Structures are given as C-alpha cells and as structure tokens.
Amino acid sequence: QVHVVESGGGAVQPGESLRLSCTASGRIFSGYHMAWYRQAPGKEREMVARITSAFRTDYADSVRGRFIIRRDNAKRTMYLQMNNLKPEDTAIYYCRVHFQETYWGQGTQVTVSS
C-alpha cells in the first residue's frame, strides 16, 4: 500500500507564490513517476506538471514559466513551486504517484483572490 499526502495550500493574492509538497510513503521503491493535477469548481481534473523517475518534466501550457516541479527521492517528496499566481489557478491540487498502480492524495486547496 502507498500513501500520498499533500501540503502547502492556502489563500494568496494574485502575483504571490506558494509551494506545495507531496510525500509518498509505504511500499514504494525506485522507478515511480509523480505529477500534480488540479480541479477547479465545475471543471475536469487536469494535469499541471509531472516529473518522471528520470527527472524529466512536463508542464501544462497555462503554468509553464510560472510553476516549477522538482522531486527529492531521498525524501520521497515532490514539490511544486507556484509563482505569479493568478485567480484562474484556484483549484484543489492533487498529487498523483504511479508505481505499479496509480495513487492519489486527498488534495490541498489553493485559492488566489484579491
């Protein structure tokens, strides 16, 4: 069993920054991929950024240049540095871990509003 826990969400004003963290625990070893997804009210869940076990990264067009994804394998933790936040970034952010199966965290709320 693999457990995934996100943290770091909150309420900020446009232009501010937040950093999200996602930690995986349990029976997980090397070779797992990680990603951030988000779901805004009334919208489908969408991929925000992902990082493979080989540290290859990919971003949604809407966040490229503003968000940075990275991971620390020793801590089994992934981070999402979110800069220049916009109201349209408001959503619940979910961590996804793929290791033989796909595991999701419970999500963390990010609200961007003036």
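Numbers at a glance
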quantity	calculated
Matching entry among 48, 63, 2, 12 (being of a type in the set (Val, Ile, Thr), touching an Asp or Glu at 6+ places or on another chain (Cβ under 8 Å) and closer than 24 Å to residue 114 by Cα)	63
Failed item in (1) among the hydrophobic types (A, V, I, L, M, F, W, C); (2) over 22 Å from residue 10 (Cβ atoms); (3) at pLDDT 95 or above; (4) open to solvent by 60 Å² or more (accessible area, probe 1.4 Å), with residue 104 passing the rest	(2)
Filtered residues of the range 73-114 (kept if part of a helix (DSSP H, G or I) and either touching a residue at least 60 places away in the same chain (Cβ under 8 Å) or touching a Gly at 6+ places or on another chain (Cβ under 9 Å) (or both))	87
In the range 1-20, residue farthest from residue 83 (Cα to Cα) [restricted to those that are touching a Lys or Arg at 6+ places or on another chain (Cβ under 7 Å) and modelled with pLDDT of 95 or more]	8
Selection from the range 7-41 of residues that are crowded, with 17+ Cβ neighbours inside 10 Å and of a type in the set (D, E, K, R)	38
All positions within the range 25-55 that are part of a loop (DSSP other than H, G, I, E, B), farther than 19 Å from residue 3 by Cα and within 15 Å of the chain's Cα centre (by Cα)	40, 45, 55
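The values are calculated or read from the model by the stated rules, or taken from the named source; none is laboratory data. The shown structure was predicted, so the numbers you read here are calculated from the model rather than taken from an experiment. Counting neighbours? That spans all protein chains shown, and the Cβs are built from the backbone with ideal geometry, glycine included. Only protein heavy atoms, including side chains, enter the accessible area calculation; ligands, DNA and RNA are left aside. Shrake-Rupley method; radii C 1.70, N 1.55, O 1.52, S 1.80 Å.
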